[in-house]
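Here's the structure, in structure tokens; my notes come after.
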């Protein structure tokens, strides 16, 4: 009986701890009325302005339109959607020295898009680098990457 009460108390404390520190949203996105081309160009400038090199510029919307024909899909999702893939040598090194498994977080990707349903609203989104496990150093490094991505997304849209 005492062990059952102790187990129940431990589980209750664990549940309370999880509820107090919930997992962050896996996708972060910001939106505002704007022209797609302006936000896309501002995003590119924000990335390059920090001395980062864009390794790949993905034309997501073009790929969907091209492959949609092969799949028989007729629904148009985006007015345009593009992604920039890049890395920060300094942040990535800290992240990987803290935990080599963080390699799954590299490279970073930020996407800019406007949907057919809201063509005058441009969204900038990124996948939050986060793991529920890992050392304090790993968590700190991932927070630094998140801050970089968040700053870039906000800058592209002119959000403080």
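Determine whether residue 114 is touching a helix residue (DSSP H, G or I) at 6+ places or on another chain (Cβ under 6 Å), surrounded by 14 or more Cβ atoms within 10 Å (Cβ to Cβ) and over 20 Å from residue 83 (Cα atoms). Walk me through how you get there before you give the answer.
Numbers: touching a helix residue (DSSP H, G or I) at 6+ places or on another chain (Cβ under 6 Å): yes; surrounded by 14 or more Cβ atoms within 10 Å (Cβ to Cβ): yes; over 20 Å from residue 83 (Cα atoms): no.
For residue 114, the condition - touching a helix residue (DSSP H, G or I) at 6+ places or on another chain (Cβ under 6 Å), surrounded by 14 or more Cβ atoms within 10 Å (Cβ to Cβ) and over 20 Å from residue 83 (Cα atoms) - is not met.
Filter region 55-75 down to the residues that are more than 17 Å from the chain's Cα centre (by Cα) and closer than 17 Å to residue 122 by Cβ and list them by number. Walk me through it before giving the result.
Start the filter on region 55-75 by keeping residues that are more than 17 Å from the chain's Cα centre (by Cα), which leaves 59, 61-75.
59, 61 - these are the residues of region 55-75 that are more than 17 Å from the chain's Cα centre (by Cα) and closer than 17 Å to residue 122 by Cβ.
Only one residue in 90, 153, 114, 81 is closer than 16 Å to residue 31 by Cα and without any contact (Cβ under 8 Å) to a residue 60 or more places away in the chain, so which one is that?
Working: 90 fails: closer than 16 Å to residue 31 by Cα; 153 fails: without any contact (Cβ under 8 Å) to a residue 60 or more places away in the chain; 114 fails: without any contact (Cβ under 8 Å) to a residue 60 or more places away in the chain.
From the options 90, 153, 114, 81, the qualifying one is 81.
Would you check if there is a residue in region 86-94 being in contact with a helix residue (DSSP H, G or I) (Cβ under 6 Å, 6 or more places away or on another chain), part of a helix (DSSP H, G or I) and at pLDDT 90 or above? Show your work before the answer.
Going through region 86-94, the residues in contact with a helix residue (DSSP H, G or I) (Cβ under 6 Å, 6 or more places away or on another chain) turn out to be 86, 91, 94.
Restricting the remaining residues to those that are part of a helix (DSSP H, G or I) gives 91, 94.
Of the ones still in play, those that are also at pLDDT 90 or above are 91, 94.
Yes: one or more hits.
Report yes if residue 75 is farther than 25 Å from residue 44 by Cα and part of a loop (DSSP other than H, G, I, E, B), otherwise no. Spell out the reasoning first.
Details: farther than 25 Å from residue 44 by Cα: yes; part of a loop (DSSP other than H, G, I, E, B): yes.
It is true that residue 75 is farther than 25 Å from residue 44 by Cα and part of a loop (DSSP other than H, G, I, E, B).
I'd like to verify a number: residues in region 100-155 that are within 14 Å of the chain's Cα centre (by Cα), under 26 Å from residue 34 (Cβ atoms) and in a helix (DSSP H, G or I), how many?
Number of matching residues: 10.
The values are calculated or read from the model by the stated rules, or taken from the named source; none is laboratory data. This one's a predicted model, so the numbers in the text were calculated from it and none came from an experiment. All Cβ positions, glycine included, derive from the backbone under ideal geometry; neighbour counts span all protein chains shown.
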